[in-house]
1. Taking the alpha carbon gyration tensor of the range B:176-335, what are the square roots of 5 times its eigenvalues, largest first, to the nearest whole Å?
2. State, as an integer percentage, the relative contact order of the range B:112-170 based on alpha-carbon contacts under 8 Å between residues 6 or more apart.
3. May I have the convex hull volume per residue, in Å³, for the Cα set of the range B:298-351?
4. How large is the helix-only mean residue ellipticity at 222 nm for chain A, computed as the sum of -39500 (n - 2.57) over DSSP H runs with n ≥ 4, divided by its residue count, in deg cm²/dmol to the nearest 500?
5. So for the pair residue B:241, residue A:41, with labels modelled 7 Å out along Cα→Cβ, what separation do we get in nm?
6. Over chain A, what is the relative contact order in percent, taking alpha-carbon pairs closer than 8 angstrom and at least six residues apart?
7. Distances in nm, one decimal, shortest first, from residue B:229 to the same residue in every other copy, taking the label point 7 angstrom along Cα→Cβ.
8. Give me a single rounded figure for A:457-470: the average over its residues of other chain Cβ atoms within 10 Å of their Cβ.
């Protein structure tokens, strides 16, 4: 029997990071160690000694030192806890939220580490959910449309304020000194790998999905950037890199400094960085077309592989080799899922259910799920549009809002709760329909993330609504597992790893026993309800009825009396 | 100074009746005495000794003995409590829920008083909200449409299951023996007057609004009734009367027996019976066209006077002299108003607001109203259709249901509460618009009933949404006050009363000081919101989007698996 070999995956999230130690042979997880970022999400004041630098609305920053601390604490922690020989770890991989980016000096030092820039908000890491670059995103979209940029349709026709260039442009506009001082503008994912290896790399996943890069066309051309701002013309050549490394490659070898942080052997393989959602696909055994991967939490991210790259309306992006080398990887998304259920439980559930939950020592969600599960499809008499946080796919419209129809004086909370679950399932079906209409077949669904773990009713409804069998990931840490799998691939067979991510997935990725199968009778009812959903979806989402826009406009005007409502 | 003169009004409600003692000179209310019906609303089992007769779904009965008990207890009670000389009471009037009807012998004895019929549900009083005659109402509507009955359009194109002939037809079909044994089928209002006077009368208000009678055309002709059932052909001549007495007349004189019950002088005037909503108009000083009277409680009933009788789509009925002699009286309605607010507070408000209410010793409604009042028009970002119990006016469609649009993850309970208030105000404006489109001008609104008393925010929103000044009744007992006013008219000037209801109203009816005036800025915003309301109203209410119907159908099918959902 061969010596056991291990890989480590580190998943950098919004409030914390977690390191998972994985047996390369079979994907068994030996342990997880969480590091809660000391400075968490910085959205009110910079963590300077006096806390006197106040951030504007929609700002969200992180401290790059928290990423280093993750390497220093979570990695040695998980190894020590498992009691294995650190020398048996053959590789390390990471995944990150994206686009989460920062300005650094040429040697990788974050500007915010320098005294000179410590009190300058733009010197810090802009977290994915930093939404203050919306004016810049609007300009990117406007200019791209005016100049007929062909890449726009790869991204569903609209670039998000969360992405790389709006954030970079915001730095330039609001803090030109920081922009000038930044030798590099880089994804935090790639920056973290740089810290492990001493080598700057740029992964094709964040470049493709968040920085408008493609293997065929590269980045947008300088004329486009110049049209946004003359000083922005050469942002790629001045601050970034045109050398983009494919997922599954080795980014470099663990440096002596990083080996000292982590307690791992210097020289082991460090994989190219990845994005948390995308890295989940191989971790749920999905390495070829035909399956929708749904990473379900507060929102849902969908990953779909394809042999070709037709334009799919409302997809968030399509990148060759962006998920699994050899395939086009599509990303799509629903901007609120668990968030809607959370909103409902917090804002709309009367005391009686809270009391029941307390008495029985369970959550209000569980009480509602139990009552909702007793209802038959259609029995609630309700139908909702799941747009509480706008609609990403397939409408790409943040100004849409929620709708519920069918309430009577007899309507109860569990009925509304079920209708909201169904609405998110209809939203998923609309995305599947958009892909199939574009020629990309989807035969099954695999779900991972926080929601599928806890909620059997949700999974059955998704199976019934989509009419597809649904499997759930075995791992509760799919992103970290996926990162560990890419680490094993980076290490390669010679070091006890794998030659390809497919080979790694075949051994290391697992699904829970049992599938949720669509129930024919439920499916028939949901087909009728879905037809009504589509009718409402198209009516309110494609301009037929403008009430959601009018309501947003009136709300903004009411809060700012200087604007006129009409 | 003249001797003080008093009149008594008795308002027969759903769970109780109340007698109010009123000073004829100025309408001052000296007291109110409530009698809670011993048998309340009978909707599960007949109040027989063994309680073994079970009622079907949608049944709702009353016990006529409770009306007699009201005369025996509430009337002497209010007189005694006030300490006045009973001989100073010059007249008595009553109002009733309608259509509330019963079968009796020729001498007025209710069939349910007879041992032979005591265990027969059809022998009891069918209360207004007895909804089990829906199949009969469907047949009345179908046959009327087939035969081109011209009266149908006086009632918004549809007869309710609550009205007289569906209830009578249900007796015939389900209990032909009771139907045969019934010498009379009569409104409880008229039956109660019969008990006071010994004389059977039929008032033109219930006849006109609930029994398809008009001064010009009388009742539907026998051929119509025969088409429903051959045995029903002569229902009017066999069981009812073609002699219909106008409001404001004397029904008769207080009999010795009734004088003994009530402690009043035998021979005083007894007014023709009235309906609770309709009798409220003069009690809020409305005796001529131009004003919408809104009787606002769990639902809202609207009364409008007019010199002419154009067809108004969705009005519940129009009757010459049906409210104030000399005018056409229109009735319209919103099927749920306070009920929607009650539903929301009971079903959709999280514990925090309940805790606040407890701490401050106020109702949850008050907590929500306070928070909702702090919002500016449009600030909630929400819009609702107020159809939780269907829509009476102007769509006449019980199968419509509620809708709310605009929810985001930031939406809070007080915002939804305000949106529901606004929705009912938009519903009222739609009714006003329908009347004005038909040529009946409405310059102002006068509100009475339970809701306007308590809820200042509601009143201001109604003023802002309708763009009309709004006054509130001074009396908390407008129906009983109106009945007392008609009693004073029945007594006439010779006895110290009045010659006309207008004269009585001029002295006895009062409004609260101060009017709610529309605020121009709010009005402008509400005009925009109302345009969206109308768009949704017409889309979902006039067949453009069928989702409410589909949802009801699926709900019924889900609860009865033998039906097919599609």
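A short reminder: the numbers here are calculations on the coordinates, not readings from a lab. For clarity, every value in this text was computed on a predicted model and none was experimentally measured. FYI the Cβ positions are ideal-geometry reconstructions off the backbone, even for glycines, and counts take in every protein chain you see.
1. Details: eigenvalues 138, 121, 37 Å².
One finds semi-axes of 26, 25, 14 Å for the range B:176-335.
2. 39
3. 72
4. On the way: 20 runs with 217 residues, N = 566.
After summing the helix terms and dividing by the residues of chain A, the value is -11500 deg cm²/dmol.
5. Result: 7.5 nm between the two label points.
6. On the way: 1232 pairs, mean separation 88.5, N = 566.
Computed over chain A, the figure is 16 percent.
7. Between copies, matching label points for residue B:229 lie 8.3 nm apart.
8. Neighbouring Cβ atoms belonging to other protein chains average 0 per residue here.
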